[in-house]
Amino acid sequence: MATPTDAPPDSHIDHAASLRYWNSVAANTKTMLGMLGSYPWYTRIDLRGSKTFLGKVRRMIPNCPTEGKLPLGVDCGAGVGRVTEGLLSQVCERVDAVEPIEKFTEVIRNSELKRIGVVGDIYTMGLENWYPEKNKYDLIWTQFCVGHLTDVQLREYFVRCREALTETGIMVVKENQSTDPNGWDMFDEEDSSVTRTDEKLRTLFKEAGLVLVASELQLGFPKNFKLLPVRFYALRPST
């Protein structure tokens, strides 16, 4: 855990170590529920909360359709496609995927959703290397993955996402929150990632030219598991 005299927590991020960790995690090739497949209660609560939050946000954005599916979304940090299958395929006509671990993208590539054309382009790369086309996406969903980027890389990623949104496009970031008692970001050596504070994320959004449309905590997780708080952020370009 960082102290004021230590280097910033994000300076300890080692992308090679992150890739080694995730390559050691089994990909569930039978279902896109993948790494959280052993915890169906978590997935059920998580996806239900995401769908409710997105529905609220769509009603808050002028000219954004509140009914029917959005034309094109992208699942950033997609893993084996848990969120693509459980949420994005239900709210978007087509969904692209960005994920650095090849064995995870192979699960998506071999899925029924890919076969029927709901899954579109699949980018096997880290978010730091993903450069989407401008004005392309109606929904950019980024969940449980930005901790693998340094602050500088994350700010640059947010800038690229801002530019990739359509006129009524929405970016949603859903992430664990730091619970450090001193209000610092927390570095995790196991997967070489950083869990950021709410304040840090809001600062990075602002620096990237994004305005916060709505934010709330994910509710419903059993307290006895002592999970980190999870917060939604819905974002739009500030200009």
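Remarks
- Residues in the range 79-99 that are part of a strand (DSSP E or B) and more than 17 Å from Asn110 (Cβ to Cβ): Cys92, Glu93, Arg94, Val98.
- Residue within the range 211-233 that is modelled with pLDDT of 95 or more, outside any strand (DSSP E or B), under 22 Å from Asp10 (Cβ atoms) and open to solvent by less than 40 Å² (accessible area, probe 1.4 Å) present: no
- Conditions (1) modelled with pLDDT under 95; (2) surrounded by fewer than 18 Cβ atoms within 10 Å (Cβ to Cβ); number of the one not met by Ala2: (2)
- Scanning the range 169-184 for residues that are touching a strand residue (DSSP E or B) at 6+ places or on another chain (Cβ under 8 Å) and touching a residue at least 60 places away in the same chain (Cβ under 8 Å) yields Gly169, Ile170, Met171, Val172, Val173, Lys174, Asp180.
- Scope the range 180-210; condition open to solvent by 30 Å² or more (accessible area, probe 1.4 Å) and over 22 Å from Ile170 (Cα atoms); matching residues: Pro181, Asn182, Gly183, Trp184, Met186, Phe187, Asp188, Glu189, Glu190
- From the list Pro71, Pro62, the one residue that fits, being modelled with pLDDT under 95 and surrounded by fewer than 21 Cβ atoms within 10 Å (Cβ to Cβ), is Pro62.
- Residue in the range 34-52 that is at pLDDT below 95, in a loop (DSSP other than H, G, I, E, B) and among the basic types (Lys, Arg) present: no
- Some residue of the range 147-158 being among the β-branched types (Val, Ile, Thr), at pLDDT 95 or above and within 17 Å of Tyr233 (Cα to Cα): no
- Residues in the range 128-153 that are assigned to a helix (DSSP H, G or I) and out of contact with any strand residue (DSSP E or B) (no Cβ under 9 Å at 6 or more places or on another chain): Glu128, Val152, Gln153.
- Pairs, first open to solvent by less than 10 Å² (accessible area, probe 1.4 Å) in the range 153-164, second outside any helix (DSSP H, G or I) and acidic (Asp, Glu), C-beta under 9 Å, six or more apart: Ala164/Glu133
- Per-region count, the range 76-86, residues surrounded by 23 or more Cβ atoms within 10 Å (Cβ to Cβ) and either out of contact with any Asp or Glu (no Cβ under 7 Å at 6 or more places or on another chain) or more than 14 Å from Met125 (Cα to Cα) (or both): 7
- Test: residue in the range 128-143 that is in contact (Cβ under 8 Å) with a residue 60 or more places away in the chain, closer than 26 Å to Gly49 by Cα and open to solvent by 50 Å² or more (accessible area, probe 1.4 Å): no
The values are calculated or read from the model by the stated rules, or taken from the named source; none is laboratory data. Everything numeric in this text was worked out from a predicted model, so none of it was measured. We place every Cβ from the backbone using ideal geometry, glycine too, and count neighbours over all the protein chains shown. With ligands, DNA and RNA removed, areas are computed over all heavy atoms of the protein, side chains included. Shrake-Rupley method; radii C 1.70, N 1.55, O 1.52, S 1.80 Å.
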